[in-house]
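In what follows, a single structure is set out as C-alpha cells and then discussed.
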Amino acid sequence: MVIYGMLQAFLQGAFELVFPDNCLLCRQYLNSRHQRQLCSSCLSTLKFNTPLFDRQTGHEVFAFEHAWSVCLYNETAQKLLHAFKYNAKTSLSKTFVPLMIEFIDRHHIPIQKFDLIAPIPLHPTRERERGYNQSALLSLGLSRHYGVAHKEALLLRQKFTNTQTELGAKQRWTNMLGAFRIKNSTNVQNKSILLIDDLFTTGATVNAAAEALKTAGALNVGILTFSVTI
C-alpha cells in the first residue's frame, strides 16, 4: 500500500502549501519550507542512540545478526510515531527518513552489504483500516537513497495479532508465534536482508520476521528501526 501512502503524503503536502506550516509538536510557525516539520527546539529533544545496541533479550538470542535504532523512545519520539502510525501523518516520513540516513552515514552502518530492504508488514486487515504501512514508507525512502532493492511483499503477515502495545513482554513473544510467512522463498535464499520498522520494543515482532526469513534460507538479517524503547 505504499502508493496509497504516497498519495496521502502528496495531498498532505499540498494542504501545507495553502495553510501555514507549523511545527507538529509545539505548533510554532515555521517561516521556511521545513522538510522535517519540526522546529529546531523540538528536533533537539530527540535522543539519538548509539549503534548496534545489545541484541540479547533475556528471553533468547534473536534470530537476526544486527539491530540498530536511530533514537530512544522518549516523549518526543512517542508523539511523532503515534501521529505517523495512527493519525495518517504519512508525510512524517520526510522527517524520519533523513534522520535515519544521517544515523546510517554517521555510524557507517553497512547498508550496502544488504541485498534487499523490506518493511515489517501489517496484517491485510490492519493495513486496510490504516490505509498504509508506515514501515513501508520508511523502507522505500531508504531503498531509493542507497540504491538497495526494495521488496515490500517479501514477508506476509498471515496471523492477525493483538496490538503489541497492550501486551506484556512474555505475551508479545507468544503473540507473534507463526505471525509471518514468506511469499516466495527464492526471493530470500542466500540473501542478506535488512528489515525496517518504526519501533523496537522487546524485539518479538522483528524476531518472528527474521525467523521466517532464516527458515526460508536467508543468510543474514539485520534490523533498522527509527526508535527503541528505553
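The values are calculated or read from the model by the stated rules, or taken from the named source; none is laboratory data. It should be emphasised that the depicted structure is a prediction, and the values quoted were computed from it without experimental measurement. Ideal geometry is used to build each Cβ from the backbone, glycine not excepted, and the neighbour counts take in all protein chains shown. The area values use the complete protein model at the heavy-atom level, side chains included, leaving out ligands, DNA and RNA. Shrake-Rupley method; radii C 1.70, N 1.55, O 1.52, S 1.80 Å.
Sort out which residues of the stretch 91-138 are touching a residue at least 60 places away in the same chain (Cβ under 8 Å), touching a Lys or Arg at 6+ places or on another chain (Cβ under 9 Å) and surrounded by fewer than 20 Cβ atoms within 10 Å (Cβ to Cβ), and write them in order of number. Within the stretch 91-138, Lys94, Pro98, Leu99, Asp115, Glu127 meet the criteria.
The set of residues in the stretch 121-140 that are over 11 Å from the mean Cα position of the chain (by Cα) and assigned to a helix (DSSP H, G or I) comprises Pro124, Thr125, Arg126, Glu127, Arg128, Glu129, Arg130. Report yes if Ile104 is under 23 Å from Thr201 (Cα atoms), of a type in the set (A, V, I, L, M) and in a loop (DSSP other than H, G, I, E, B), otherwise no. Criteria not met by Ile104. Of the residues Leu224, Leu213, which single one is in a strand (DSSP E or B), closer than 28 Å to Leu92 by Cβ and at pLDDT 90 or above? Just a single option satisfies the conditions, and that option is Leu224. Listed conditions (1) at pLDDT below 80; (2) open to solvent by 20 Å² or more (accessible area, probe 1.4 Å); (3) not in a helix (DSSP H, G or I) are all met by Gln37, apart from (2).
Every condition in (1) touching a helix residue (DSSP H, G or I) at 6+ places or on another chain (Cβ under 6 Å); (2) crowded, with 22+ Cβ neighbours inside 10 Å; (3) modelled with pLDDT of 90 or more; (4) not aromatic (Phe, Trp, Tyr) is met by Ala218 except one, and the failing one is (1).
Checked against (1) open to solvent by 50 Å² or more (accessible area, probe 1.4 Å); (2) modelled with pLDDT under 60; (3) closer than 21 Å to Val228 by Cα, Phe48 meets all criteria but (2). Every condition in (1) in contact (Cβ under 8 Å) with a residue 60 or more places away in the chain; (2) of a type outside the set (Phe, Trp, Tyr); (3) touching a Phe, Trp or Tyr at 6+ places or on another chain (Cβ under 6 Å) holds for Ala88 except the one numbered (3). Just so you know, in the stretch 180-210 the residues that are part of a helix (DSSP H, G or I) and among the hydroxyl-bearing types (Ser, Thr, Tyr) include one that is surrounded by the fewest Cβ atoms within 10 Å (Cβ to Cβ), and it is Thr186.
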